[in-house]
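One structure below.
The values are calculated or read from the model by the stated rules, or taken from the named source; none is laboratory data. Keep in mind that what you see is a predicted model, and the values were worked out from it rather than measured. As a convention, Cβ positions derive from the backbone with ideal geometry for all residues, glycine included, and neighbour counts pool all protein chains shown. Just the protein is used for accessible areas: all its heavy atoms, side chains included, with ligands, DNA and RNA removed. Shrake-Rupley method; radii C 1.70, N 1.55, O 1.52, S 1.80 Å.
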Amino acid sequence: MRIKNIIYVFCLACSLTACNSWIKEDVEGQFTDDKVGDNSEAVASWVTGTYSKWIYDIFCWGYFPKVLEFDADYISGPDWLFGTFGAGNFQGESDVTDALWKGCYGLIARANKAERQIRAMQNVSDDVRNNAIGELKFQKAFAYFLMVRAYGELPIQPEEEGADQSQPRQPVQAVYDYIIKNLEEAADLMYLNTDANWQEGHVSAGSAAGLLAKVYATMAAAALPEGTEIIVRSGAPYSGTGSSRVYAPLQTFTFKKQAIAGYEAMDAKTLYTKAAEWAEKVIKGEYGSYELLPYSALWKKANATASEFMFSIGSVSGDATYKTAIHTQYEGYYTAPGSGFLQSGGWVGCNRHWYDLFEHDDLRIVEGVKHRWRSYTQKESNTGFFYPLTDEYSIMATGRNLAGEWVADPSGIYADGVSYYYSQDAQCLAFTTKYMDVTNDAIENADSNWPFLRYADVLLIYAEALNELGKGDDAISYLNMVRQRSNATEGTATELSSQTLRRSAIIEERAKEFACEADRRWDLLRFGIYLDAMNAIGGTDDSGVLKNRQMRNLLFPLPAQELNTNKTITSNNPGWN
């Protein structure tokens with residue numbers, strides 16, 4: 001076999017650090033028996049080749065997480081990075097076509113082919129075969145889950161070899177039925193994370209069970225009655241103009257859920273019952289062992305494969321192919337390791353209204369947000385940025401309060417001789433620290449992990465489901481499990497005295513806990529408050545990114561290439577040509 005006809009694909013399973021196998025793929029992307037073989041190593045190669053699609057086809061060009069993250073109320077950044085997509089014009093965006101649609105369907109095709117090959121093998125044990133097929137079914141289901149939330153009705157690709165790939169779009173319910181079928185099978189087929197043969201970094205039976213809880217909760221929220229109330233704290237970012245412009249305080253809105261196309265015939269109570277059942281199975285340990293990490297350990301590189309991370313995607317440090325833009329976009333990379341001066345990046349963060357959701361001592365802002373940083377352009381001037389613009393941080397950074405009065409001893413924690421200042425634009429946002437810990441923080445392609453599903457999500461899904469099923473006190477207890485970890489004040493039955501208040505608290509907790517993890521847009525959509533939440537900002541956010549949205553933004557447009565080649569699809573999603 002000639003080397004020039006082979007592409008070597010590193011093992012990139014989940015956290016992308018746990019495997020030691022390779023896979024060989026020819027230039028047409030087709031695998032053949034003579035290249036892969038018929039043994040346990042061949043099985044691992046097929047599975048690895050499918051995992052690798054998450055990086056090479058989906059994440060590596062920087063389209064992910066942008067396509068999942070940048071269209072939300074609390075997320076912000078420079079307009080040149082957010083572009084037309086961040087401003088709500090999804091038409092023709094390569095993020096939508098190449099990463100989400102093309103990338104996910106490419107992964108699905110790979111998973112289907114890998115499953116056919118593994119089923120045909122004669123020299124592997126049933127356990128190895130079943131676990132591998134379960135991993136493939138999980139990945140396929142997750143890809144469909146990402147797409148059905150974004151596009152609505154979808155073609156379901158046939159699993160048989162040689163079948164016509166130009167399939168018609170299926171109703172939303174049918175797509176979810178297919179997702180659930182694959183996840184239920186995966187939960188039965190895969191190893192538990194406590195089994196001796198389970199490989200750290202791979203998905204497990206618990207990953208499938210946890211995702212089933214999230215899938216059912218997504219359907220259930222979308223099926224809640226029109227007019228269901230949700231309280232959201234947000235609003236216009238500023239009051240005043242020019243030099244008198246200041247941050248406006250949070251406003252409290254009570255939004256009423258709008259009906260969501262494709263979910264009208266679903267029954268919310270039945271679906272929340274299923275969400276609760278699957279979440280409870282995970283929590284009780286029926287599908288493995290899971291726990292919340294202490295906050296101080298949560299985002300350490302060494303814990304990237306800890307049980308809280310039920311499904312995450314990582315990359316290879318410094319690799320030009322198996323790379324992501326996560327570290328560059330959210331953290332930025334330094335001029336040299338430990339230099340303290342950003343060379344580039346560190347653009348994407350949350351706005352001030354998100355920051356103001358938190359109590360003062362919540363670790364998710366005390367430790368989870370950058371409070372001072374410096375760019376290489378500030379070295380000569382001996383300056384730097386601080387965040388947020390409050391008396392407390394102004395005093396720590398400058399010795400002066402917001403009125404300009406000297407009120408602090410210069411021996412405070414920022415007393416390093418640097419002149420820190422605040423800029424009321426995209427240079428100063430609530431930048432997360434979640435993706436800081438990498439092997440080398442001075443390279444563009446650092447090895448951050450992207451957390452698609454965490455155990456904290458399962459706990460909050462359980463709380464959400466219990467609340468909708470009329471078990472308010474139990475819902476509060478599971479909400480508090482997440483709050484306790486970050487030193488937040490626990491909710492009480494007195495404070496959260498109604499189903500609406502509990503529902504709103506859980507949704508807000510999700511906004512705080514999963515910030516910069518590409519969850520917020522999809523929560524707003526499933527609860528039918530996306531348009532209200534986006535338009536409550538009143539035009540542009542802290543950085544000047546346009547947040548006005550209209551009905552067409554509820555779904556992404558189908559790619560033009562799909563419309564041109566798939567003759568079973570004759571029209572685009574509403575509002576898109």
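So, with +1 on the Cβ of K and R and -1 on the Cβ of D and E, and no other charges, what is the size of the charge dipole of the chain about its Cα centre, to the nearest 20 debye? Before the final figure, lay out each step's value.
Values: 52 positive and 74 negative charges, 161 e Å.
Roughly 780 debye, rounded to the nearest 20.
Based on the alpha-carbon gyration tensor of segment 243-387 and its eigenvalue square roots a ≥ b ≥ c, which shape applies: rounded if a/c is under 1.5, prolate if not and a/b is larger than b/c, or oblate? Each step should come with its number before you reach the end.
Numbers: a/c = 2.17, a/b = 1.41, b/c = 1.54.
Verdict is oblate for segment 243-387.
Check each of the trypsin sites (Lys or Arg not before Pro) in segment 169-255 and keep only those in coil by DSSP with at most 16 other C-beta atoms within 10 angstrom; list them in order. Please list the in-between numbers first.
Working: sites: ARG169, LYS181, LYS214, ARG233, ARG245; in loops: ARG245.
Those satisfying the criteria are ARG245.
Sorted by accessible area with a 1.4 angstrom probe, largest first, how do THR328, THR241, THR97 fall? Kindly include the intermediate steps, with their values, before the conclusion.
Numbers: THR328 10, THR241 105, THR97 35 Å².
Listed by decreasing accessible area, they come as THR241, THR97, THR328.
Given a 1.4 Å probe and every protein chain left where it sits, what share in percent of the accessible area of segment 269-377 is carbon and sulfur? Present the calculation step by step, with values, prior to reporting the outcome.
On the way: 2010 of 4110 Å².
With neighbouring chains kept in place, the figure for segment 269-377 is 49 percent.
What's the carbon and sulfur percent of segment 92-172's accessible surface, probe 1.4 angstrom, rounded to a whole number?
Working: 1150 of 2730 Å².
Within segment 92-172, the accessible surface is 42 percent carbon and sulfur.
Could you do me a favour and compute the accessible area per residue for segment 308-421, 1.4 Å probe, result in Å²?
Heavy-atom SASA per residue in segment 308-421 reads 41 Å².
How would THR390, THR494, THR48 rank on accessible area, largest to smallest, probe 1.4 Å?
Values: THR390 35, THR494 120, THR48 0 Å².
Largest accessible area first, the list is THR494, THR390, THR48.
Which cross-chain or sequence-distant (5 or more) residues have an amide H under 5 Å from the amide H of TRP61, H modelled 1.01 Å from N in plane?
For TRP61, whose amide H was placed from the backbone, there are no distant partners under 5 Å.
Determine the sum of side-chain charges near VAL418: Lys and Arg each +1, Asp and Glu each -1, restricted to other residues whose C-beta is under 13 angstrom from that of VAL418.
Numbers: positive: ARG372, ARG374, LYS379; negative: GLU380, ASP416.
Residues near VAL418 contribute +1 overall.
Quote the relative contact order of segment 30-121 in percent (integer), defining contacts as alpha-carbon pairs under 8 Å separated by 6+ residues.
Working: 57 pairs, mean separation 35.6, N = 92.
This gives 39 percent for segment 30-121.
Which cross-chain or sequence-distant (5 or more) residues have an amide H under 5 Å from the amide H of TYR238, H modelled 1.01 Å from N in plane?
ALA248
Which ³J(HN,Hα) values in Hz, rounded to whole numbers, follow from the phi angles of segment 146-156 under the Karplus curve 6.51 cos²θ - 1.76 cosθ + 1.60, where θ = phi - 60° and Gly and Pro get x?
4, 7, 5, 5, 8, 10, x, 4, 9, x, 9
Give me the distance between the Cα centres of segment 360-403 and segment 451-499, rounded to whole Å.
32 Å
Check LEU453: other-chain or 5+ apart residues with amide H under 5 Å from its amide H, H built from backbone geometry?
Residues meeting the amide H criterion: MET310, PHE311.
For segment 67-200, just say rounded, prolate or oblate: build the C-alpha gyration tensor, square-root its eigenvalues into a ≥ b ≥ c, call rounded for a/c under 1.5, and beyond that prolate if a/b exceeds b/c, oblate if not. Show your work: numbers first, answer last.
Numbers: a/c = 2.45, a/b = 1.73, b/c = 1.42.
Here segment 67-200 falls in the prolate category.
If you keep only loop residues by DSSP, which trypsin sites (Lys or Arg not before Pro) in segment 517-577 have at most 13 other Cβ atoms within 10 Å of their Cβ?
On the way: sites: ARG520, ARG521, ARG526, LYS547, ARG549, ARG552, LYS567; in loops: LYS547, ARG549, LYS567.
Answer in residue order: LYS567.
Probe 1.4 Å, all protein chains in place: accessible area of TYR247 in Å², nearest 10?
Surface open to solvent at TYR247 totals about 40 Å².
With a probe of 1.4 Å, find how much accessible area segment 520-577 has per residue, and write the answer as a whole number in Å².
Working: 2310 Å² over 58 residues.
Heavy-atom accessible area per residue stands at 40 Å².
Can you give me the % of accessible surface on segment 461-535 that is carbon or sulfur? Probe 1.4 Å, all protein chains present, nothing else counted.
On the way: 980 of 2230 Å².
The nonpolar share, carbon plus sulfur, comes to 44 percent.
How large is ³J(HN,Hα) for each residue in segment 509-526, as worked out from phi by the Karplus curve 6.51 cos²θ - 1.76 cosθ + 1.60 (θ = phi - 60°), to whole Hz, x for Gly and Pro?
4, 5, 4, 7, 5, 10, 4, 6, 10, 6, 10, 5, 4, 6, 5, 4, 5, 5
Alpha carbon centre of segment 501-553 versus segment 197-229: separation in Å?
20 Å
If you put +1 on each Lys and Arg Cβ and -1 on each Asp and Glu Cβ, how big is the dipole of segment 189-314 around its Cα centre, in Debye rounded to 20?
Values: 11 positive and 11 negative charges, 104 e Å.
In debye, rounded to 20, segment 189-314 gives about 500.
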